[in-house]
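A.B. asks: One structure coming up, written as structure tokens, with questions to follow.
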Amino acid sequence: MIKVAVVGVGHLGKEHARLYAALPDVELVGVVDILQPRAEEIAGLYKTAPFTDYRQILDKVDAVTLAVPTTDHGRIGVDLLEHGVDVLIEKPIATSIEEAQVLIDAAARNDRVLQVGHVERFNPVVAAAREAATRPQFFEIHRLAAFSPRSLDIDVVLDLMIHDIDIVLSLVPARVREVRAVGIPVLSQKPDIANARVEFEDGCVANFTASRVSFEKTRKLRFFQPHDYISVDYASQTGIMVSLRMGRVVERKLEPPNEEPLKLELQAFSECVRKRGKPAVSGEDGLRALDLATSINAAIAERLVLR
């Protein structure tokens, strides 16, 4: 049995606790939250122990989900890794490139697993689209959500857009050539809506739009490649592929078995911990996504200053 804990059981961390409690060959030995009533509530739901300080579980676990605010990822993550604990760290990996590299170095130095929680990688329809991808040349991506006060320590690029940044980077091997972006604060002190145009050295272009001040919820990705158009709806886990084959237009639905992406993510992490393998989404993957997100935010900041 792999002994795990969840550090931070707010909006997302409590879902990690729920799924760990149900996974075979995994023992949820505790949940940690600085708010004692919340720690006790979640611990009661899943018949485990509550803690208010992550240091209380260092000698009790093999692995941890770290779902605290992004500003605490570096400090707590490095301490966990230095104490021999494997870590699944929620996205974004850190608040800065330097902090992300410190986490990666700590994992390597202590021979620990460091996986980053880019959960859309485990969405079954994204996996189906990845199998169909050959040489994507143009992306159009929209991720719109209602306003929530839970992630105001970061902007909309690090909060929402980074999901799609990671997916595009996993499909495009080329380096980034140019970044253009605009964004504005609406209901918080940081950009709440943003649009970015990213051009890669192989000529591929990706247009990202992300908003956390919308009335409708939308999570859709479309991309074009020679002879193919592929459209994916993250939420419904369905998609369509339209292709030109032998002079004929052929349509094929992407309808993989519907599964909970977060469950698949935790299964992959626990298996990686058990077999000491390479994580599906490594610290280096998280760093690459953060690097592009940082460039997008720099472009947004430059436009805001010019205004």
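The values are calculated or read from the model by the stated rules, or taken from the named source; none is laboratory data. This one's a predicted model, so the numbers in the text were calculated from it and none came from an experiment. Methodologically, a virtual Cβ is constructed for each residue, glycine included, from the backbone with ideal geometry; neighbour enumeration extends over all protein chains shown.
A.B. asks: Criterion first (over 13 Å from GLN137 (Cα atoms) and free of Cβ contacts under 8 Å to residues at least 40 places away in the same chain) does ARG212 satisfy it? Let's see the steps before the verdict.
C.D. replies: Working: over 13 Å from GLN137 (Cα atoms): yes; free of Cβ contacts under 8 Å to residues at least 40 places away in the same chain: no.
No: the conditions fail for ARG212.
A.B. asks: Of the residues that sit in segment 51-92 and are among the polar types (S, T, N, Q) and at pLDDT 95 or above, which one is farthest from the chain's Cα centre (by Cα)?
C.D. replies: Per the criteria, the residue is GLN56.
A.B. asks: Pairs needed: first member in segment 179-203, more than 18 Å from ASP159 (Cα to Cα) and in contact (Cβ under 8 Å) with a residue 60 or more places away in the chain; second member anywhere, among the polar types (S, T, N, Q) and outside any strand (DSSP E or B); C-beta distance under 8 Å; at least 6 residues apart or different chains.
C.D. replies: Taking only residues 6 or more apart or on different chains, the pairs are VAL179/SER295; GLY203/GLN137.
A.B. asks: Just checking, which of THR48, THR95 is under 16 Å from the mean Cα position of the chain (by Cα), surrounded by fewer than 23 Cβ atoms within 10 Å (Cβ to Cβ) and among the hydroxyl-bearing types (Ser, Thr, Tyr)?
C.D. replies: Working: THR48 fails: under 16 Å from the mean Cα position of the chain (by Cα).
Among THR48, THR95, only THR95 is under 16 Å from the mean Cα position of the chain (by Cα), surrounded by fewer than 23 Cβ atoms within 10 Å (Cβ to Cβ) and among the hydroxyl-bearing types (Ser, Thr, Tyr).
A.B. asks: Just to check your reading of the model, which residue among VAL29, VAL6, VAL78 is surrounded by 22 or more Cβ atoms within 10 Å (Cβ to Cβ), β-branched (Val, Ile, Thr) and on the phi < 0 side of the Ramachandran plot? Talk me through it step by step, then tell me what you get.
C.D. replies: On the way: VAL29 fails: surrounded by 22 or more Cβ atoms within 10 Å (Cβ to Cβ); VAL78 fails: surrounded by 22 or more Cβ atoms within 10 Å (Cβ to Cβ).
Just one listed residue meets the conditions, VAL6.
A.B. asks: Quick one: count up the residues across segment 127-148 that are among the hydrophobic types (A, V, I, L, M, F, W, C) and under 22 Å from ARG212 (Cα atoms).
C.D. replies: Count: 6.
A.B. asks: Right, ARG75: free of Cβ contacts under 8 Å to residues at least 12 places away in the same chain and farther than 24 Å from LYS275 by Cβ or not?
C.D. replies: On the way: free of Cβ contacts under 8 Å to residues at least 12 places away in the same chain: yes; farther than 24 Å from LYS275 by Cβ: yes.
Yes; evaluated as a whole, the condition is true for this residue.
A.B. asks: Shifting gears a bit: Restricting the search to segment 201-218, which residues are more than 23 Å from ALA299 (Cβ to Cβ) and either among the acidic types (Asp, Glu) or buried (at least 20 other Cβ atoms within 10 Å of the Cβ) (or both)?
C.D. replies: Scanning segment 201-218 gives a single hit, GLU216.
Residue-wise test of (1) at pLDDT below 95; (2) surrounded by fewer than 17 Cβ atoms within 10 Å (Cβ to Cβ).
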residue: MET246; (1), (2): yes, yes
residue: GLU259; (1), (2): no, yes
residue: GLY277; (1), (2): yes, yes
residue: ALA289; (1), (2): no, no
residue: ILE300; (1), (2): no, no
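A.B. asks: Name the one entry in VAL182, VAL156, VAL176 that is aliphatic (A, V, I, L, M), touching a Lys or Arg at 6+ places or on another chain (Cβ under 8 Å) and more than 21 Å from GLU90 (Cβ to Cβ).
C.D. replies: Details: VAL156 fails: more than 21 Å from GLU90 (Cβ to Cβ); VAL176 fails: touching a Lys or Arg at 6+ places or on another chain (Cβ under 8 Å).
From the options VAL182, VAL156, VAL176, the qualifying one is VAL182.
A.B. asks: Is there a residue being surrounded by fewer than 18 Cβ atoms within 10 Å (Cβ to Cβ), touching a strand residue (DSSP E or B) at 6+ places or on another chain (Cβ under 9 Å) and not polar (S, T, N, Q) anywhere in segment 98-118? Explain how you work it out, then say what you get.
C.D. replies: Kept after step one, since they are surrounded by fewer than 18 Cβ atoms within 10 Å (Cβ to Cβ), are these residues of segment 98-118: 98, 101-102, 105, 108-111.
Next, from what is left, pick out any that are touching a strand residue (DSSP E or B) at 6+ places or on another chain (Cβ under 9 Å): 108.
Filter once more, keeping what is not polar (S, T, N, Q): 108.
Yes, segment 98-118 contains a residue that is surrounded by fewer than 18 Cβ atoms within 10 Å (Cβ to Cβ), touching a strand residue (DSSP E or B) at 6+ places or on another chain (Cβ under 9 Å) and not polar (S, T, N, Q).
A.B. asks: Report yes if ALA280 is among the small types (Gly, Ala, Ser) and either assigned to a helix (DSSP H, G or I) or over 20 Å from ASP86 (Cβ atoms) (or both), otherwise no. Reasoning before the result, please.
C.D. replies: Numbers: among the small types (Gly, Ala, Ser): yes; either assigned to a helix (DSSP H, G or I) or over 20 Å from ASP86 (Cβ atoms) (or both): no.
The answer is no for ALA280.
A.B. asks: Let me ask something else. Scan (1) under 21 Å from ASP285 (Cβ atoms); (2) modelled with pLDDT of 95 or more; (3) touching a Ser or Thr at 6+ places or on another chain (Cβ under 7 Å) for the single condition ASP159 breaks and write down its number.
C.D. replies: Of the numbered conditions (1) under 21 Å from ASP285 (Cβ atoms); (2) modelled with pLDDT of 95 or more; (3) touching a Ser or Thr at 6+ places or on another chain (Cβ under 7 Å), the odd one out for ASP159 is (2).
A.B. asks: Which residues, counting only those in segment 274-307, are in contact with a Leu (Cβ under 8 Å, 6 or more places away or on another chain) and of a type in the set (D, E, K, R)?
C.D. replies: Hits for segment 274-307 are ASP285, ARG288.
A.B. asks: Scan segment 141-200 for residues that are assigned to a helix (DSSP H, G or I), among the charged types (D, E, K, R) and surrounded by fewer than 17 Cβ atoms within 10 Å (Cβ to Cβ) and jot them down. Reasoning before the result, please.
C.D. replies: Step one: filter segment 141-200 for residues assigned to a helix (DSSP H, G or I), giving 149-151, 156-171.
In the following step, the residues that additionally are among the charged types (D, E, K, R) were identified as 150, 159, 164, 166.
Answer for segment 141-200, where residues must be assigned to a helix (DSSP H, G or I), among the charged types (D, E, K, R) and surrounded by fewer than 17 Cβ atoms within 10 Å (Cβ to Cβ): just ARG150.
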